[in-house]
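Shown next, in structure tokens, is the structure this report addresses.
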Amino acid sequence: IPMLPEALSNELCSLKPKVDRLTKCVEFLLDASGSVLETKFYPAVIHSKRRFTYQEALTVIDGGASGHLEQMLHHAHDLAQKLRRARFKKGSLDLDFPESKIRLDERGRILRIDRMENDVSHQLIEEFMLLANEAVASKLMKMPGNAVYRIHEAPKDERLNEYREQVLSHHVPCGNLGRREEIQKLLKRLSGLPIGQALKIGFLKSLTRARYAVEPLGHFGLAKEKYTHFTSPIRRYADLIAHRVLFESVKVDAREMKRLSDHISTTERNSSDAERDSRDVKLYAFLQAQLDSGEPQTYEALVTDVRNFGFFVDVTALGMSGLVHLSSVQDDFLEFDPVRLSLTGRRSGRVIRLG
């Protein structure tokens with residue numbers, strides 16, 4: 001459900017090939033290494049030459065550059081990858097997980113579930129958006145008056161220490177997570193382990209939730225001292241506030257801006273919960289139909305947590321997670337080992353543990 005009516009969000013405010021559109025622009029002059037030399041902010045008219053899907057852009061990036069547009073795409077890709085490398089060198093954390101998109105038929109039932117990987121075509125867009133968001137935050141901080149910033153506070157030491165103990169209990173080397181480079185090392189290490197995905201989910205749970213605030217407290221995950229949301233004004237109200245303050249010098253007192261930032265943080269959580277619930281409703285109906293047919297599919301699941309009452313799983317193919325309660329395991333009696341954090345079948349000897 002778009003924030004703005006579709007006549008705006010899909011038409012007047014939507015980029016279309018070979019059509020003039022009004023836009024707010026952040027223009028950068030970058031050197032060959034990807035360092036910013038100059039930044040300009042201005043309203044502009046954009047005339048899009050062509051619309052690529054991510055898959056079409058990926059095909060061009062992976063292949064040769066035949067025409068002018070393809071060459072531009074290759075140059076943009078090279079620059080985006082330089083920006084990405086510089087971002088990780090500064091301490092940005094690789095917290096990307098593959099997403100699943102549910103495709104519905106005309107009756108609203110699940111047709112298929114597509115897995116969306118964060119490939120280089122997505123990274124091309126992402127890096128330039130991050131650059132724009134950072135530049136806008138920097139500009140807003142120099143302007144008189146108040147604005148809304150996107151902030152992600154550092155996790156509490158006790159949460160990180162608890163998580164570190166969990167990692168070490170699985171015999172995975174882990175340094176002092178109070179140091180950013182140690183977190184980066186651990187995330188890299190986990191990406192090569194069978195248990196890695198489950199432990200990475202555990203790390204995400206130890207982080208605080210990103211939110212909106214009047215104080216520019218920076219973004220821990222992105223390792224940016226200045227950060228706001230600017231690039232999606234048709235679907236996020238925070239971006240619209242940034243546009244109004246930056247381009248129209250709209251003045252809002254601190255108390256009202258704090259109320260606004262608290263409000264949009266709440267509505268973001270609400271919409272995120274609603275999105276998750278709507279997915280669950282569709283997936284529930286999809287799985288119930290399989291049970292009713294008498295021919296349910298079998299899915300691989302990743303164990304993400306083990307407790308004395310059951311184990312939590314992540315079903316990658318469905319993009320869903322949940323609890324398997326011990327009372328629902330019919331074919332065996334599972335005994336919990338609090339030291340090894342595992343469940344062992346008394347009859348079968350089968351072991352269920354993290355990963």
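The values are calculated or read from the model by the stated rules, or taken from the named source; none is laboratory data. Because the structure is a prediction, the values reported are computed rather than measured. So basically every Cβ, Gly included, is an ideal-geometry build from the backbone, and we count neighbours across all protein chains shown. Protein only, heavy atoms only, side chains kept; ligands, DNA and RNA dropped before computing areas. Shrake-Rupley method; radii C 1.70, N 1.55, O 1.52, S 1.80 Å.
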Please identify the pairs in which a residue from segment 281-298 that is part of a loop (DSSP other than H, G, I, E, B) has its Cβ atom under 6 Å from the Cβ atom of a residue that is loosely packed, with under 11 Cβ neighbours inside 10 Å and polar (S, T, N, Q), counting only partners at least 6 apart or on another chain. none
Contact list please: Cβ distance under 7 Å, first residue in segment 220-243 and in contact (Cβ under 8 Å) with a residue 12 or more places away in the chain, second residue in a helix (DSSP H, G or I) and among the β-branched types (Val, Ile, Thr), pairs at least six apart or on different chains. Thr228/Val136; Phe230/Val136; Tyr237/Ile264; Ala238/Ile264; Ala242/Val136
Could you check Ala285 against (1) out of contact with any helix residue (DSSP H, G or I) (no Cβ under 9 Å at 6 or more places or on another chain); (2) within 30 Å of Tyr237 (Cα to Cα) and say which number it fails? (2)
For residues in segment 142-168 being more than 30 Å from Leu190 (Cα to Cα) and open to solvent by 80 Å² or more (accessible area, probe 1.4 Å), which is farthest from the chain's Cα centre (by Cα)? Pro144
Counting only residues that are assigned to a helix (DSSP H, G or I) and either at pLDDT 90 or above or open to solvent by less than 30 Å² (accessible area, probe 1.4 Å) (or both), how many does segment 179-200 have? 15
Select from segment 29-58 the residues that are in a strand (DSSP E or B), open to solvent by 80 Å² or more (accessible area, probe 1.4 Å) and touching a residue at least 12 places away in the same chain (Cβ under 8 Å) and list them in ascending order. Lys40, Pro43, Val45, His47
Name the single residue, out of those in segment 9-28 being aliphatic (A, V, I, L, M) and assigned to a strand (DSSP E or B), that is farthest from Ala44 (Cα to Cα). Val26
For the structure I just gave you, tell me whether Gln71 is more than 22 Å from the chain's Cα centre (by Cα), over 29 Å from Ala223 (Cβ atoms) and either part of a loop (DSSP other than H, G, I, E, B) or not hydrophobic (A, V, I, L, M, F, W, C) (or both). yes
